[in-house]
Amino acid sequence: MPIQGFVTDDRGGPLPSGDVAVRIFAAAGGGAPVYDSAAEFAGAVTAGRLDIVVGAAAPLLLDDAALYWLELQVGDDELIGDAA
């Protein structure tokens, strides 16, 4: 599952760098994640660019009939996306 994008701060400037955490939940309220990348994507943001493939290191199998909720985090900040 590729996740790509451009990451900016609250003033619109690109984040120079950052570690990325990806979590996938089976419920909107959170709970235990189905997937947690932990430190797998250390330094994945460079000059505002984010380009990672979730499940590349270890196979990630999800039920294609179920809904999942994705959480992205750079450093201590949660990412808010504008596209699916």
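The values are calculated or read from the model by the stated rules, or taken from the named source; none is laboratory data. As the structure is a computational prediction, the values presented were derived from the model and not from experiment. Surface accessibility is based on the protein's heavy atoms, side chains included, excluding ligands, DNA and RNA. Shrake-Rupley method; radii C 1.70, N 1.55, O 1.52, S 1.80 Å.
Rolled with a 1.4 Å probe across the full set of protein chains, the surface gives S37 an accessible area near 10 Å².
Could you tell me which label, among (1) 6.4; (2) 5.7; (3) 5.2, carries the value of mean projected area of the Cα convex hull in nm² calculated for this structure? Here the calculated entry is (2). For the pair A28 and D63 in one chain, pulling the backbone fully straight at 0.36 nm per residue adds 11.0 nm over the alpha carbon distance. The accessible surface of the chain, taken with every protein chain in place and a 1.4 Å probe, is 54 percent carbon and sulfur.
Working from Cα pairs under 8 Å separated by at least six residues, relative contact order for the chain is 36 percent.
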